[in-house]
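Trainee: This is the structure I want to talk about, given as structure tokens.
The values are calculated or read from the model by the stated rules, or taken from the named source; none is laboratory data. Owing to the predicted nature of the structure, the values given are computational and were not obtained by experimental measurement. FYI the Cβ positions are ideal-geometry reconstructions off the backbone, even for glycines, and counts take in every protein chain you see.
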Amino acid sequence: MKSSLVTRTMLAASLIAIIGTGVYVVIAYTHVHDYSESTPVWGYRCVDSRCEKVALDANDTLQKAVSLSVCRLYCNEIFGTLWPRPTGEYRLGNNLIHINAYDIRYQWDKSYEVLSKNWDASVERFRGQLMNKASGEEHKSGGKRMVVNVAVDTDSLVLNHGTDESYKLAITGSETGDVSVKISANNYFGARHALETLSQLIVFDDLRNELQVVSDVEIQDAPVFPHRGVALDTSRNYVDLKSIKRTIDTLAMVKMNVFHWHITDSQSFPLVIKSHPTLHTYGAYSRKEIYTAENVADVVQYALARGIRVIPELDAPAHVGEGWEKTNLTSCFNFQPWVKYCVEPPCGQLDPTNDKVYDVLEDIYREMNVMFSNSDLFHMGGDEVSLSCWNSSVEIQQWMKSKGWGLEEADFLKLWNHFQSNALERLDKSLGDNRPIVMWTSHLTEDPYVDQYLDKNRYIIQIWTTGDDPKLTKLLEKGFRVIISNYDALYLDCGFAGWVQGGNNWCSPYIGWQKIYNNDLKLMGGPYSSQVLGAEGALWTEQADQLTLDARLWPRLSALAERLWTDPRGGWELADSRMLIHRERLVENGIAAESLQPKWCLQNEGNCPMDQGRF
């Protein structure tokens, strides 16, 4: 209804004064006009470090109200709206400057031709993020030019566990000159992270219809863990390239640096291997649901420009089936009842006694090395091997007996080691080096077999059991490096309906972002925490595909991102308010992130948690 019209300003001269632990924003208004239907009627003011919603219906309120996006930048002692939180020195000034998104210039202290393609991609991405901030809104014309000065020490594009991803970011400006942004980093990846942070320090003020950047900013930042990522299964259900790239873009938003591609499994083999085309011809769900070498190489380059390395996984000797059966190199393929031979249908394992297995693997490894050219790691899988599957083959039994072996567990672990040793030899031969190998926890990584068969200096063990599993401590005590993916906190497919049984799926209940945020890796590592390289959230896609991908991953992966970048000592409660803002940022950039609370909670900060005193 319009029975009582209220008036307000459309001009934005601002003065910000710090009072106590909060920020008080005073706006001076010089022009008044009547409200229209599109004119905002709500504003915010900072009260006790929270943004309080106020109606724009009186001059005294108008003097104290700003937009929610502006208020949240200042009215919080815990890093405003940045996600993930910086780890080093941090200073946020008390001024905002209206900038012109169409007048941003980039200057490098040195010319690095090798970096130009990647930096151009980052700039284009940055420009898109700014445009998304005011999508559907009319920008006020004008604004200051922003000049971004970039200095890096090296033109290296090597991204591994030893890469220095730190950066420094400084922003200065005034109402009379350009806004100056200075980025300094060891390499491109640090500079890219700085640009990501800069994008979060620019907000759209919907009371004034303009993009504003924080001035007088100094940030020093670096990640705590070198391995920060997601493991995505694209074989149980196919995920198209557009969705994979969208996932990579979102990983970049939160400074994750690993896309672990679980590209094949027993249900499908979508990867095109030119030397063995029957694998995808018979193994892919359809002729369209495949990944060619050109597709993979494109994803790898796309990811590199966003500070992410793609780690390939060829899971073996288990988790093989469709496509492989035409090679006559498997045992127990699609045996029934499947529960006797594997953990989910269809069953299938490679036959370690057939020498042709290793010839085919060598060809696959060689082609994958070309596709995944930037990865210094190779994931060999190695999980959920079924001894009963191998024991169902008369040929395998006879081969084992010819070696003087029995048919007990220890004998089948010898067979497993025979496979792993030969497969690794062919991998090294095809790659031309002895790069680190990642394997999932399994019987092979347990006592007494791990000491007999796996070299701690060569193998990195990815932990998928529970976070308090004593096997983790044993592996650390033996000197193994580990990547954490404990299913009780980092499996993102948990908590949905069962698909091979009634009720819920095996790893239920659903895991909320709060549990992921509080999944303390250093606590798990204890005195051996230096051997914990980081973590990956994992999405197994038996019940997910490209249509449900975003909501399965986001914003829960963002909680893991802050755990890995910042390793916060406080619990999720201190991050709750920022998480709601961050989720809006994801949606703003086209990510169908799961909703966490009614939007009322976002607009009425601190009113929804049951125990407000903890905040």
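Trainee: Is it true that some residue in the range 284-306 is crowded, with 24+ Cβ neighbours inside 10 Å, more than 25 Å from residue 558 (Cβ to Cβ) and touching an Asp or Glu at 6+ places or on another chain (Cβ under 9 Å)?
Mentor: No, every residue in the range 284-306 fails to be crowded, with 24+ Cβ neighbours inside 10 Å, more than 25 Å from residue 558 (Cβ to Cβ) and touching an Asp or Glu at 6+ places or on another chain (Cβ under 9 Å).
Trainee: Let me ask something additional. Working only within the range 245-298, note down all residues that are in contact with a helix residue (DSSP H, G or I) (Cβ under 6 Å, 6 or more places away or on another chain), of a type in the set (Val, Ile, Thr) and within 18 Å of residue 550 (Cβ to Cβ).
Mentor: Hits for the range 245-298 are 248, 254.
Trainee: Out of 141, 122, 174, I need the residue that is in contact (Cβ under 8 Å) with a residue 60 or more places away in the chain, over 30 Å from residue 374 (Cα atoms), out of contact with any His (no Cβ under 9 Å at 6 or more places or on another chain) and not aromatic (Phe, Trp, Tyr). Which one?
Mentor: One residue alone meets the criteria, 174.
Trainee: Which of the residues spanning the range 180-221 are within 27 Å of residue 54 (Cα to Cα) and of a type in the set (A, V, I, L, M)?
Mentor: Hits for the range 180-221 are 201, 202, 203, 207, 211, 213, 214.
Trainee: Could I ask something else about it? Is there a residue in the range 514-537 that is within 30 Å of residue 264 (Cα to Cα), among the β-branched types (Val, Ile, Thr) and touching a helix residue (DSSP H, G or I) at 6+ places or on another chain (Cβ under 8 Å)? Spell out the reasoning first.
Mentor: If we filter the range 514-537 for residues that are within 30 Å of residue 264 (Cα to Cα), which is where we start, we get 515-517, 519, 521, 531-537.
From what is left, the residues that are among the β-branched types (Val, Ile, Thr) are 516, 532.
Adding the requirement that they be touching a helix residue (DSSP H, G or I) at 6+ places or on another chain (Cβ under 8 Å) leaves 516, 532.
Among the residues of the range 514-537, at least one is within 30 Å of residue 264 (Cα to Cα), among the β-branched types (Val, Ile, Thr) and touching a helix residue (DSSP H, G or I) at 6+ places or on another chain (Cβ under 8 Å), which makes the answer yes.
Trainee: When you scan the range 51-84, how many residues do you find that are farther than 18 Å from residue 203 by Cβ and either over 38 Å from the mean Cα position of the chain (by Cα) or at pLDDT below 80 (or both)?
Mentor: Counting residues in the range 51-84 that are farther than 18 Å from residue 203 by Cβ and either over 38 Å from the mean Cα position of the chain (by Cα) or at pLDDT below 80 (or both) gives 11.
Trainee: Sort out which residues of the range 285-302 are part of a loop (DSSP other than H, G, I, E, B) and of a type outside the set (Ser, Thr, Tyr), and write them in order of number.
Mentor: The initial filter retains those residues of the range 285-302 that are part of a loop (DSSP other than H, G, I, E, B), namely 285-290, 292.
Matches in the range 285-302: 287, 288, 289, 290.
Trainee: While we're here: List, please: which pairs have Cβ atoms under 6 Å, are six or more places apart or on different chains, and start with a residue in the range 496-523 that is in contact (Cβ under 8 Å) with a residue 40 or more places away in the chain and within 15 Å of residue 544 (Cβ to Cβ) and end with one that is polar (S, T, N, Q) and assigned to a loop (DSSP other than H, G, I, E, B)?
Mentor: 496/505
Trainee: Considering the range 311-335 alone, what residues qualify as being free of Cβ contacts under 8 Å to residues at least 60 places away in the same chain, assigned to a loop (DSSP other than H, G, I, E, B) and either of a type outside the set (Phe, Trp, Tyr) or closer than 25 Å to residue 363 by Cα (or both)? If you could, list the steps in order and put the result at the bottom.
Mentor: Here is the first cut: in the range 311-335, the ones free of Cβ contacts under 8 Å to residues at least 60 places away in the same chain are 320-330, 333-335.
Subsequent filtering for residues that are assigned to a loop (DSSP other than H, G, I, E, B) retains 320-323, 328-329, 333-335.
Hits for the range 311-335 are 320, 321, 322, 323, 328, 329, 333, 334.
Trainee: To continue, here is another question. Suppose the filter is at pLDDT 95 or above and assigned to a helix (DSSP H, G or I); does residue 407 pass it?
Mentor: So residue 407 does not fit the description; no.
Trainee: In addition: What are the pairs with Cβ atoms under 7 angstrom where one residue, in the range 393-422, is farther than 10 Å from residue 352 by Cβ and the other, located anywhere, is basic (Lys, Arg)? Sequence gap at least six, or different chains.
Mentor: As it stands, the answer is 405/414, since those pairs meet every condition given.
Trainee: Which of the helices (runs of 4 or more DSSP H) contained wholly in the range 173-284 include at least 2 residues that are more than 14 Å from the chain's Cα centre (by Cα) and of a type in the set (S, T, N, Q)?
Mentor: Those helices (runs of 4 or more DSSP H) span 188-200, 278-283.
Trainee: If residue 275 satisfies every condition in (1) under 20 Å from residue 542 (Cα atoms); (2) touching an Asp or Glu at 6+ places or on another chain (Cβ under 6 Å) but one, which is the exception?
Mentor: Only one criterion in (1) under 20 Å from residue 542 (Cα atoms); (2) touching an Asp or Glu at 6+ places or on another chain (Cβ under 6 Å) is unmet by residue 275, namely (1).
Trainee: Filter the range 553-569 for residues that are free of Cβ contacts under 8 Å to residues at least 60 places away in the same chain and surrounded by fewer than 24 Cβ atoms within 10 Å (Cβ to Cβ) and give the result. Let's see the steps before the verdict.
Mentor: Filtering the range 553-569 for residues free of Cβ contacts under 8 Å to residues at least 60 places away in the same chain gives 555, 559, 563, 569.
Within the range 553-569, just 569 meets the criteria.
Trainee: Just one of (1) charged (D, E, K, R); (2) buried (at least 16 other Cβ atoms within 10 Å of the Cβ); (3) in contact with a strand residue (DSSP E or B) (Cβ under 8 Å, 6 or more places away or on another chain) trips up residue 550, so point out which.
Mentor: It is condition (3) that residue 550 fails.
The rows are residues; the columns are (1) under 25 Å from the mean Cα position of the chain (by Cα); (2) over 16 Å from residue 262 (Cα atoms); (3) modelled with pLDDT of 95 or more.
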{"position": "350", "(1), (2), (3)": "no, yes, yes"}
{"position": "354", "(1), (2), (3)": "no, yes, yes"}
{"position": "358", "(1), (2), (3)": "no, yes, yes"}
{"position": "363", "(1), (2), (3)": "no, yes, yes"}
{"position": "375", "(1), (2), (3)": "yes, no, no"}
{"position": "383", "(1), (2), (3)": "yes, no, yes"}
{"position": "386", "(1), (2), (3)": "no, yes, yes"}
{"position": "392", "(1), (2), (3)": "no, yes, yes"}
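Trainee: Limited to the range 179-210, what total is found for residues that are among the charged types (D, E, K, R) and at pLDDT below 95?
Mentor: Initially, the range 179-210 is screened for residues among the charged types (D, E, K, R), giving 182, 192, 196, 205-206, 208, 210.
Next cut, at pLDDT below 95 only: 205-206, 208, 210.
Selection size over the range 179-210: 4.
Trainee: Go through the range 249-287 residue by residue and tally those that are polar (S, T, N, Q) and out of contact with any Ser or Thr (no Cβ under 9 Å at 6 or more places or on another chain).
Mentor: 3
Trainee: Does residue 338 meet the test of being within 36 Å of the chain's Cα centre (by Cα) and without any contact (Cβ under 8 Å) to a residue 24 or more places away in the chain?
Mentor: Spelling it out, residue 338 is indeed within 36 Å of the chain's Cα centre (by Cα) and without any contact (Cβ under 8 Å) to a residue 24 or more places away in the chain.
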